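The values are calculated or read from the model by the stated rules, or taken from the named source; none is laboratory data. It should be emphasised that the depicted structure is a prediction, and the values quoted were computed from it without experimental measurement. Here the Cβ positions follow ideal geometry from the backbone for every residue, glycine too, while neighbour counts run over all protein chains shown. Please note that ligands, DNA and RNA were not included when accessible areas were found on the heavy atoms of the full protein model with its side chains. Shrake-Rupley method; radii C 1.70, N 1.55, O 1.52, S 1.80 Å.
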Amino acid sequence: MISQDLLDELWDFSDPKGSEQRLRAADTNRFALRTDRNELATQIARALGMQSRFAEALHLLERIDDGEPVVLARILLERGRILNASGHRAEAVGLFEDAAHLAAEIGQDFIAVDAMRMVGQADPSLAEEWAESGLAVIARSQDARLERWARDFHTDLGDAMYDGGAGQGAPGRSQQRRDS
């Protein structure tokens, strides 16, 4: 398994093309284990998705043949992100939920919380439920890096209370902010 700290070093979310190049270079130079290369491939797919190269990203994820639970959780999460970004939010929700459950089962709190946050992004009507779950994981986790999501989950909870269920009908404040 690749450390999240190392993945964070390879990523610059404001530059998905540059991140893709760093991830591809790392793939050929640093990682000998097949599982590590497959985990890295999920991040390359994420970078492709961020460049709106959705078909290429999904094809890359489909080619990963690995039964390692961490890789499977990342495949679910990244496939969900790609579908969500390409306008298939309803299809993404189930993938995010599956990724969150699998990651939680295997003790990968970072991936679990990331997936929980994405559920609420894909379907604002579920944001409150998943924000509470995410905050519970953050509270019990020993991983200090999860704190970066606490503010986002609290914002989701506030938006859910402010919107009063607007995620199920007309867009409320939180939906308007996400769409702008």
Worksheet item: Does residue 74 satisfy the criteria of being in contact with a Ser or Thr (Cβ under 7 Å, 6 or more places away or on another chain), of a type in the set (Lys, Arg) and buried (at least 22 other Cβ atoms within 10 Å of the Cβ)?
Response: yes
Practice prompt. From the list 98, 65, pick out the single residue that is assigned to a helix (DSSP H, G or I), among the charged types (D, E, K, R) and either farther than 18 Å from residue 160 by Cβ or open to solvent by 40 Å² or more (accessible area, probe 1.4 Å) (or both).
Written response: 98
Worksheet item: Out of curiosity, is residue 19 among the small types (Gly, Ala, Ser) and at positive phi?
Response: no
Discussion item. Being without any contact (Cβ under 8 Å) to a residue 12 or more places away in the chain and among the acidic types (Asp, Glu) narrows it down to one residue among 78, 91; which is it?
Written reply: 91
Practice prompt. May I ask you to say which residue of 42, 28 is of a type in the set (Ser, Thr, Tyr), at pLDDT below 95 and assigned to a helix (DSSP H, G or I)?
Written response: 28
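Whether any residue in segment 52-60 is among the basic types (Lys, Arg) and assigned to a helix (DSSP H, G or I) is what I want to check.
There is no residue in segment 52-60 that is among the basic types (Lys, Arg) and assigned to a helix (DSSP H, G or I).
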